[in-house]
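Note sheet for the following structure.
Throughout, read-outs are computed from the coordinates displayed, never taken from laboratory work. The structure presented is a predicted model; accordingly, all values stated were derived computationally and were not measured. FYI the Cβ positions are ideal-geometry reconstructions off the backbone, even for glycines, and counts take in every protein chain you see.
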Amino acid sequence: MSFSNSIELLQFHWMAYTLYSLMIISVIAWFAYNLTRKEKANSIVRIPFYGYMAFLVAGGVGHHIFTYNTVPWVAEDITRHDITADQTFHISVKRHVYTMPDEKIIINCGEKIMFDVVSEDLTYGFGLFRKDHSMVTQMQVNPGSKNDLLWTFNHNGVFDLMSTEYSGPRGNAMFIADAVEVRGCDEKVAILDGGVK
């Protein structure tokens, strides 16, 4: 099982976490029901309860162990020291304004991109968003520290840039429409590979 972007990953985890939450709620409901009973539960009844709890713990931990490799950006984060970016874009932020290298950043499909963002005064956010307002990726941008984000885009799209951190009331206006455009992805291949168009 592999996911090529965060939308697919979120759809899968939404289903898994919903099922897991319902199982946990059933434990609470079972416990509440037993509190209302006049007779106490026999000690033998506790064995299935603890077995169910062990199943929930094993299921929750196991889910994360077996799916951590499906998260598209995990492999890049783990082996990041061995990766050379195809392009690096230097962006600075000061007084609630992004200074971009170009009016629009053009990226080719599948390239490894490094966003190197420097804050000259406050803590800001650097977030790329799809047109439906769902987030592609983001990072916190702290002044006086290295802030870079390595990302590979596998789908065509035009993305908006906005701050994802509170930096005062003026931070609400930190928005650049159509800041990044990704071109050249073969969307038919992406759909066959489990992607979304």
Inverse mean reciprocal Cα-Cα distance (Kirkwood Rh) of the range 73-149, Å: 13.6
Extension gain (nm, one decimal) between ILE28 and SER134, 0.36 nm per residue minus Cα-Cα: 34.9 nm
Distant-in-sequence amide H partners of ILE105 (H built 1.01 Å from N, under 5 Å): VAL180, GLU181
Under 5 Å, built H, 5+ apart or other chain: amide partners of GLN87: LYS112, MET114
Neighbour-count order for MET174, MET23, fewest beta carbons within 10 angstrom listed first: MET23, MET174
Distance in nm between pseudo-label sites at ARG183 and ASP77 (7 Å out along the Cβ direction from Cα): 3.2
Efficiency of FRET from Cβ geometry, LYS38 and ASP116, R₀ 45 Å, rounded to 0.05: 0.10
For CYS185, residues with placed amide H under 5 Å, excluding near neighbours: CYS109, ASN156
Positive dipole terminus of the range 79-192, leading residue within HIS133, ILE83, PHE115 (C-beta point charges): HIS133
Phi-based couplings in Hz for the range 130-140 (Karplus 6.51, -1.76, 1.60; Gly and Pro marked x): 6, 5, 8, 6, 7, 7, 8, 7, 6, 8, 8
Neighbour-count ranking [beta-carbon atoms within 10 angstrom, fewest first] of ARG95, ARG130: ARG95, ARG130
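Would you kindly state how much longer the chain becomes between MET100 and TYR52 on full extension, computed as 0.36 nm times their sequence separation minus their alpha carbon distance, in nm to one decimal? Spell out each step's value before the answer.
Values: separation 48, 0.36 × 48 = 17.28 nm, distance 5.38 nm.
Taking 0.36 nm per residue and subtracting the Cα distance, the gain is 11.9 nm.
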